[in-house]
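What follows is a short report on a single structure.
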Amino acid sequence: MSQNTTDETLDDAARRTLRANDRGGYTVPTSRLYPFQWNWDSAFVAMGFATFDELRAWREIASLLRGQWEDGMIPQIVFHAASDDYFPGPDVWGIARTPPTSGITQPPVLASAARRLLDRAADTGSAEDRMAAIYPCLLRNHRWWQQARDPARTGLVSTLHPWETGMDNSPAWDAALARVPSQTTTPIRRRDTSHVDAAMRPHESEYRRFIHLVDLFRAEGWNAARMLAVSPFRVADIGTNAILLRAERDLLALAARFGTPADAAEITARIAAMQPAIAAQWNAAHGLFLSRDLRDGAPINAATSAGLLPLWAQAATPAQAAAMGATLDRWAARVPFLVPSCDPADPRFEPRRYWRGPIWAVVNWMIAEGLAAGGDAARAGRIRADTARLIREGGLSEYFNPTDGGGIGGRDFSWTAAIHLLLQAG
Ligand code: GLC
């Protein structure tokens, strides 16, 4: 995309990208690299579609929910149709369902997306019908998070695989992942590095450990309690927990219209447990929130963009929000574009490698929404303007280099297109 592309043609390009990645009711993140439906991608995609095709937006959610498990889990990937472009495919996960799915989850943005669709609907009648149909699925999903991932009721849910965080190779996972053996029983047939430059993707050693965990969970029959017990990788990801808290707040608002008073009481109790648990993850030295390693109980000393997502959850005190604003200013003094996925002063910062530095439009959007809701219009505006400019100059790329603004990773990316449309919609 050229530098002087006007917003009007970019809007068209974003809509075209979503339509082109539509495989008949579900949207692939991009055509070759990710040929199936991804959980949190679809939540953003639904919000993007809603800016010009509300019915298609609801259909995106319904398609994702076709993959929901009986216990309430919403999988990270739904394999609606076969493809040889991605590894690990359904044969590696070994889950006999129709449609086949992966056996782990991803950050639960879905209830927040659904609420936004409803609140902004022009076609209120059908929006209410669709919402009434999916509300029970969202409630079951949030119950699953607590039962499967926080049975001890600590207020923080566990994540058992870096892929579940959506931020696969974040430096926050280095130490926890180092505990995972690198032998696999599955032959590794990486496909990602044949679609995209290997320097922008996770390393081989990380990849082997990702697959080791899949082998391990498959051997446990994808039983939620067993997975929690045996996983050598178990973290309280601040990103997932913040997104879940925000989703619980949105579900609570929906419960008033689509649920029962008992549902509302149950959700309120979960929110009450999560708030202090997230608050305890505050780190004054970094001026943001940290994840926690649940194997040794220690905070994970890595300042990443996930640590700013409590803004999206409205989980920060005014003083913490101000400190996070100062953190953003410090980062902005080192790189021209916000928000890098890792503190640029951290020696682990790599501006081109996936979740170790690059900017992701979806994360920027959530942080900006949180800042704006908290009254920091100036920093929200800065992040939105940076995101818009990155997309204008770097195209609808998977992610962006914070040092030069270049668009990198996969091209014609659905969730980047969705964020462009959301930024335009305001
Ligand atoms: C990568 C990202 C993840 C995303 C998926 C599909 O695995 O790390 O967050 O959901 O690609 O875009």
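Summary table below
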{"quantity": "Test result for Arg32, in a helix (DSSP H, G or I), farther than 14 Å from Leu110 by Cα and open to solvent by 10 Å² or more (accessible area, probe 1.4 Å)", "calculated": "no"}
{"quantity": "Residue identified as surrounded by 23 or more Cβ atoms within 10 Å (Cβ to Cβ), assigned to a loop (DSSP other than H, G, I, E, B) and at pLDDT 95 or above among Leu156, Leu138", "calculated": "Leu156"}
{"quantity": "Within segment 159-187, tally of residues that are within 16 Å of the ligand (Cβ to nearest atom) and not charged (D, E, K, R)", "calculated": "14"}
{"quantity": "Single residue of Tyr86, Tyr34, Tyr135 found to be aromatic (Phe, Trp, Tyr) and either under 23 Å from Ala264 (Cα atoms) or over 20 Å from the mean Cα position of the chain (by Cα) (or both)", "calculated": "Tyr135"}
{"quantity": "Selection count, segment 390-426, where residues are within 15 Å of the ligand (Cβ to nearest atom), open to solvent by 10 Å² or more (accessible area, probe 1.4 Å) and among the charged types (D, E, K, R)", "calculated": "2"}
{"quantity": "Condition check for Ile74: in contact with a Leu (Cβ under 7 Å, 6 or more places away or on another chain), in a loop (DSSP other than H, G, I, E, B) and more than 30 Å from Gln424 (Cα to Cα)", "calculated": "no"}
{"quantity": "Among the residues listed as Arg330, Arg334, Arg348, Arg356, the single one being touching a strand residue (DSSP E or B) at 6+ places or on another chain (Cβ under 9 Å) and open to solvent by 30 Å² or more (accessible area, probe 1.4 Å)", "calculated": "Arg348"}
{"quantity": "Among (1) more than 16 Å from the ligand (Cβ to nearest atom); (2) surrounded by 19 or more Cβ atoms within 10 Å (Cβ to Cβ), the one test that Asp11 misses", "calculated": "(2)"}
{"quantity": "One residue from Ala114, Ala122, Ala57, Ala132 being more than 16 Å from the ligand (Cβ to nearest atom) and assigned to a loop (DSSP other than H, G, I, E, B)", "calculated": "Ala122"}
{"quantity": "Search result, residues across segment 54-88 that are open to solvent by less than 20 Å² (accessible area, probe 1.4 Å) and of a type in the set (Gly, Ala, Ser)", "calculated": "Ala57, Ser63, Gly67, Gly72"}
{"quantity": "Among the candidates Arg116, Arg130, residue that is buried (at least 21 other Cβ atoms within 10 Å of the Cβ) and not aliphatic (A, V, I, L, M)", "calculated": "Arg130"}
{"quantity": "In segment 15-29, residue surrounded by the fewest Cβ atoms within 10 Å (Cβ to Cβ) [restricted to those that are over 15 Å from Ile134 (Cβ atoms) and away from the ligand (no atom under 16 Å from the Cβ)]", "calculated": "Gly24"}
{"quantity": "Only listed residue being within 21 Å of the chain's Cα centre (by Cα), more than 16 Å from the ligand (Cβ to nearest atom) and surrounded by fewer than 19 Cβ atoms within 10 Å (Cβ to Cβ), chosen from Ala373, Ala378, Ala368", "calculated": "Ala373"}
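The values are calculated or read from the model by the stated rules, or taken from the named source; none is laboratory data. If you're wondering where the values come from, they're calculated on a predicted model, not measured in any experiment. A quick note on method: Cβ atoms are made from the backbone with ideal geometry, for glycine too, and the neighbour counts reach across all protein chains shown. Quick note on the areas: whole protein, heavy atoms, side chains included, nothing else; ligands and nucleic acids left out. Shrake-Rupley method; radii C 1.70, N 1.55, O 1.52, S 1.80 Å.
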